[in-house]
Amino acid sequence: MEYSIGVDLGGTDIKAGLVSSVGDISCRVALPTDVDVGGPKVVAARIAETVRQVLVKAETADPHVISKLGKAPQSPLNNAKEANDECRRHDDTHEVWIGLGAPGLIIAETGVVHFSPNFPGWTDIPLVDYVNAELAKLRLLKTTASDHSQTHRGEKYKLVLRGMDNDVNAMTLGELRHGAGVGYKNIAALTLGTGVGGGVVIDGQVYHGSQNTAGELGHTIVEPNGRYCGCGNQGCLEAYAGAKNIVERTQEKIETGRSTILAEAIQNGTPLTPRQIAEAAHAGDEIAMEIFAETGRYIGIALTSIAHILNPQIAIIGGGIAEAGEKLLFEPIRAELSKRAMDIPARMKIMKAHLGNDAGIVGAAMLALESEKPAV
Ligand SMILES: [Zn+2]
C-alpha cells in the first residue's frame, strides 16, 4: 500500500488528508483559505501548513507511515536489490508525495494558476513554485515520535509536489479511481456547487484539451438568450443550476406573490439556501418543486449535448445541490435526456457521485501517486 497527501484548495477552506492507494483518507486537516489575507504566497504557506499538520497527525498515529508515503528516491544506493532493504531505505532522504487541486484555469505544465474567479487578483500565479518554496522550509521535518523506531531517527523527508490540476478535474479523477466512476472509461462529471464545475474522462484519462481548459461543462449553453452567467456569457447551465442562481430563481418566483412556505424564511431576513428550497420541495411546496424540476430539465438539456459530443458511459453528478436526490433532481434530468437524445447516446447512465466532499482530496492524492515526475 502506498500513501500520498491530497490537498484540495477551495474558496473557503484548504482541506488535506493522507490518502492510501485504495482511496481511504485519514489524518484530515482543514484550514481557512483566507484568500483576501496576504495574497497567493501566504495561501501557499497555508497549503504547506496543512501538509505539515497531516504529517504530524500521520506520524502520531503510525511512526512508520512516512516510509509508505510516495517512494524512496532512486539512487546508486537505492537500486532494485537495496529497495527491499528497509534499513537502507530509512537511511535515505525519503520523498513524501503531495498532489494539489486548485480552482480556476490551471496550466499544469508550468504549475501556474492562470485565472481563478473566486480568488481576486490571481492572474498567472506560479502556485507550484510558491508551494514548493514553502514545502522546502519543512524539508527537515523531524519525526514527532519520541522515538520508538530507531529506523526513523535522522531520516530526512523531501516534500515533493507531484501534481496540480484544476479542482474539478481532481474530483473527477477521485471519482474515476475510487468513486462512482470505477469500472468506466468514458465519463462526464458535473459538480453542482456555488458554480457548476465539470470534468471529462476519455479512455480512462481525465481529458485536458489542447490548452488545459477542457471540461467546462457548466458553461454549456442551455438557453441562448437566458440568464447572465459569471463568465460573461448568457444562458450557461451554471446560470440556472449553480447554488446562487437556484436561490435567485426561487426569489424571483416568490416575488411574483405566489404562496409558498419559503416566503416566511425570506421575511426573517435570512438568505435562502438550496437546502431550504429542497426541503420545501420535499414538503410539497409548488415553487420549490418547480425550481428543482426546471434545474433538472436544464441539466438534462446540457447532458444531451454532452452525450452527443462525447458518448460517455456515465454522467456523475455531485456537489451540494445533488443532495436534493432522486425524485427532485435525478428523475427530471433522466426524463429530459431520454426525451432529447438519440437512442444510443441516451443510454448514458446518470449517477450520483460517491465520494462527496472527499473527491477533491482523493483525486489530488491520486495525481501525486500517478504522476511520473514532480509537478514542475
Ligand atoms: Zn458561463
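The values are calculated or read from the model by the stated rules, or taken from the named source; none is laboratory data. These numbers come from a predicted model, not from an experiment. Cβ coordinates were reconstructed from backbone atoms using ideal geometry, including for glycine residues, and neighbour counts include every protein chain displayed.
Out of Tyr228, Tyr240, one residue alone is within 30 Å of Phe115 (Cβ to Cβ), under 23 Å from the mean Cα position of the chain (by Cα), within 16 Å of the ligand (Cβ to nearest atom) and of a type in the set (Phe, Trp, Tyr). It is Tyr240.
Scanning region 167-191 for residues that are buried (at least 24 other Cβ atoms within 10 Å of the Cβ) and polar (S, T, N, Q) yields Asn169, Thr172, Thr191. When Thr256, Thr213, Thr194 are checked against the criterion of being away from the ligand (no atom under 16 Å from the Cβ), of a type outside the set (Lys, Arg) and either buried (at least 21 other Cβ atoms within 10 Å of the Cβ) or over 28 Å from Val22 (Cβ atoms) (or both), Thr256 stands alone in meeting it. No other residue among Gly10, Gly17 is more than 12 Å from Val131 (Cβ to Cβ), surrounded by fewer than 21 Cβ atoms within 10 Å (Cβ to Cβ), under 15 Å from the mean Cα position of the chain (by Cα) and in contact (Cβ under 8 Å) with a residue 40 or more places away in the chain apart from Gly10.
Only residues that are assigned to a loop (DSSP other than H, G, I, E, B) and closer than 18 Å to Ile333 by Cα: list them for region 284-314, please. Passing the criteria: Asn311, Pro312, Gln313.
Of everything in region 262-283 that is among the β-branched types (Val, Ile, Thr) and assigned to a loop (DSSP other than H, G, I, E, B), the residue that is modelled with the highest pLDDT is Thr273. State which residue pairs qualify: first residue on the phi > 0 side of the Ramachandran plot and inside region 230-249, second residue more than 11 Å from the ligand (Cβ to nearest atom) and not hydrophobic (A, V, I, L, M, F, W, C) in any location, beta carbons under 8 Å apart, and separation of 6 or more residues or different chains. Final answer for the pair search is Gly235/Glu223; Gly235/Pro224; Gly235/Asn225.
Counting only residues that are part of a helix (DSSP H, G or I) and of a type outside the set (Asp, Glu), region 173-231 holds 8 of them. With respect to Ile47, is the statement that it is touching a helix residue (DSSP H, G or I) at 6+ places or on another chain (Cβ under 7 Å), in the same structural domain as Leu9 (by TED's automatic domain parsing), at negative phi and at pLDDT 75 or above true? Yes; evaluated as a whole, the condition is true for this residue. So for region 315-322 (the condition being part of a helix (DSSP H, G or I) and buried (at least 18 other Cβ atoms within 10 Å of the Cβ)), does at least one residue qualify? Scanning region 315-322 turns up at least one residue that is part of a helix (DSSP H, G or I) and buried (at least 18 other Cβ atoms within 10 Å of the Cβ).
In the set Ile246, Ile261, Ile221, only one residue is aliphatic (A, V, I, L, M), surrounded by 15 or more Cβ atoms within 10 Å (Cβ to Cβ), more than 18 Å from the chain's Cα centre (by Cα) and near the ligand (Cβ under 9 Å from one of its atoms); that residue is Ile221. Scanning region 34-49 for residues that are crowded, with 20+ Cβ neighbours inside 10 Å and more than 17 Å from Leu138 (Cα to Cα) returns a single hit, Val35.
Under 7 Å between Cβ atoms, which residue pairs at least 6 apart in sequence (or on different chains) link something in region 329-343 that is outside the structural domain of Leu192 (by TED's automatic domain parsing) with a partner that is of a type in the set (A, V, I, L, M) and not in a loop (DSSP other than H, G, I, E, B)? Final answer for the pair search is none.
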